[in-house]
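Below is one structure; the comments refer to it alone.
The values are calculated or read from the model by the stated rules, or taken from the named source; none is laboratory data. Keep in mind the model is a prediction, meaning the values are calculated, not measured. No Cβ is skipped: glycine too gets one built from the backbone with ideal geometry, and neighbour counts run over all protein chains shown. Quick note on the areas: whole protein, heavy atoms, side chains included, nothing else; ligands and nucleic acids left out. Shrake-Rupley method; radii C 1.70, N 1.55, O 1.52, S 1.80 Å.
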Amino acid sequence: MFNPDKRQAYNLEHGDALRLPAGTTSYILNPDDNQNLRVVKLAIPINNPGNFYDFYPSSTKDQQSYFNGFSRNTLEATFNTRYEEIQRIILGNEDGQEDEEQSRGQEQSHQDEGVIVRVSKEQIQELRKHAQSSSGKGKPSESGPFNLRSDEPIYSNKFGNFYEITPDRNPQAQDLDISLTFIEINEGGLLLPHYNSKAIFVVVVDEGEGNYELVGIRDQERQQDEQEQEEVRRYNAKLSEGDIFVIPAGHPISINASSNLRLLGFGINADENQRNFLAGSEDNVIRQLDKEVKQLTFPGSVEDVERLIKNQQQSYFANAQPQQQQQREKEGRRGRRGLIFSI
């Protein structure tokens, strides 16, 4: 990435995050011929909320150069040369003819490639000469990349891991008021029901398959017109690689994995967000309720409520199908007993 007074280059690894200040000129290079590079970007517009624009110094088939927006006279004064030369070198020769057929072919090839272009091995070696390694473990950098998995996960057991970078833990996230999460849910695992107190999460499926269940309230305006009781509604959908979904603040959600599932999340309005779990042995908000409150809240007895809450001995992640697994184990034991008896 480039600023008027300096140039910074980094070798990025899986799980690295990098903040690009607004207006930064940058490029990203994939040096590996055998592995695709996937980048997820959260854009925070400065001028017009909800609208974000990329500007490029050179013209491609996808977008013109920002120099195309200036008048001929301004460009000639800016570069102190004739407009035809500027057009040939920077803007692309739209009107005139090139004298050299080879130059014309190279220009046309560049125009046809778009914003993603092929780079030779020699160019890759030259571009990587001065690149720094990512920060890795240790104190978060005030600039440059940081890895989401550089610290221990905040939640972890045999069913999954939950990594999170919060505004209070990283200087690059403080003024943006965002958090970054990386969640690994192993096949057959469940991220237990929970809700965020004030953060809205935009989540991208990096790898794997699964599904989520989000709890909301049916259209409130419709309910007011019909004078009906507020109806809790379950929104559920299958998840696969490349999917994006949004978790509104205050809405309970659970996610289970039908294969090893990897999720990347951006938390917006994340400062002092509290994640409240509704089940599990730790950080369970229901478990914290006084006995009297449980008695007044739930139809069952206090003893039954507390017994039910304590049934789940895992925290944060659990087996997504414990009853089905228990049934299969019982059937397996019955089958083995029958086989042994027949012998």
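Scanning for something assigned to a loop (DSSP other than H, G, I, E, B), of a type in the set (Gly, Ala, Ser) and farther than 22 Å from THR181 by Cα, does the stretch 24-45 turn up at least one residue?
Among the residues of the stretch 24-45, at least one is assigned to a loop (DSSP other than H, G, I, E, B), of a type in the set (Gly, Ala, Ser) and farther than 22 Å from THR181 by Cα, which makes the answer yes.
What are the residues in the stretch 199-214 that are surrounded by fewer than 17 Cβ atoms within 10 Å (Cβ to Cβ) and within 15 Å of GLY250 (Cα to Cα), if any?
VAL202, GLU213
Any idea which residue in the stretch 70-84 is least open to solvent (accessible area, probe 1.4 Å), counting only those that are in a loop (DSSP other than H, G, I, E, B) and over 18 Å from SER58 (Cβ atoms)?
SER71
Can you tell me which residue within the stretch 7-51, out of those that are more than 28 Å from ARG118 (Cβ to Cβ) and free of Cβ contacts under 8 Å to residues at least 12 places away in the same chain, is least open to solvent (accessible area, probe 1.4 Å)?
PRO45
Within the stretch 267-281, can one find any residue that is at pLDDT 90 or above, over 26 Å from the mean Cα position of the chain (by Cα) and either surrounded by fewer than 17 Cβ atoms within 10 Å (Cβ to Cβ) or farther than 18 Å from ILE185 by Cβ (or both)?
Yes, the stretch 267-281 contains at least one residue that is at pLDDT 90 or above, over 26 Å from the mean Cα position of the chain (by Cα) and either surrounded by fewer than 17 Cβ atoms within 10 Å (Cβ to Cβ) or farther than 18 Å from ILE185 by Cβ (or both).
Would you point out which residue out of ASN157, ASN196, ASN147 is surrounded by fewer than 21 Cβ atoms within 10 Å (Cβ to Cβ), polar (S, T, N, Q) and closer than 23 Å to ALA318 by Cβ?
ASN157
Do we find a residue being in a loop (DSSP other than H, G, I, E, B), within 23 Å of the chain's Cα centre (by Cα) and at pLDDT below 85 anywhere in the stretch 55-65?
Checked the stretch 55-65: no residue is in a loop (DSSP other than H, G, I, E, B), within 23 Å of the chain's Cα centre (by Cα) and at pLDDT below 85.
In this structure, is GLN313 under 27 Å from ILE154 (Cβ atoms), modelled with pLDDT under 90 and open to solvent by 40 Å² or more (accessible area, probe 1.4 Å)?
no
Could you please find all residues in the stretch 298-324 being of a type in the set (Phe, Trp, Tyr) and not in a loop (DSSP other than H, G, I, E, B)?
Correct list: PHE317 only.
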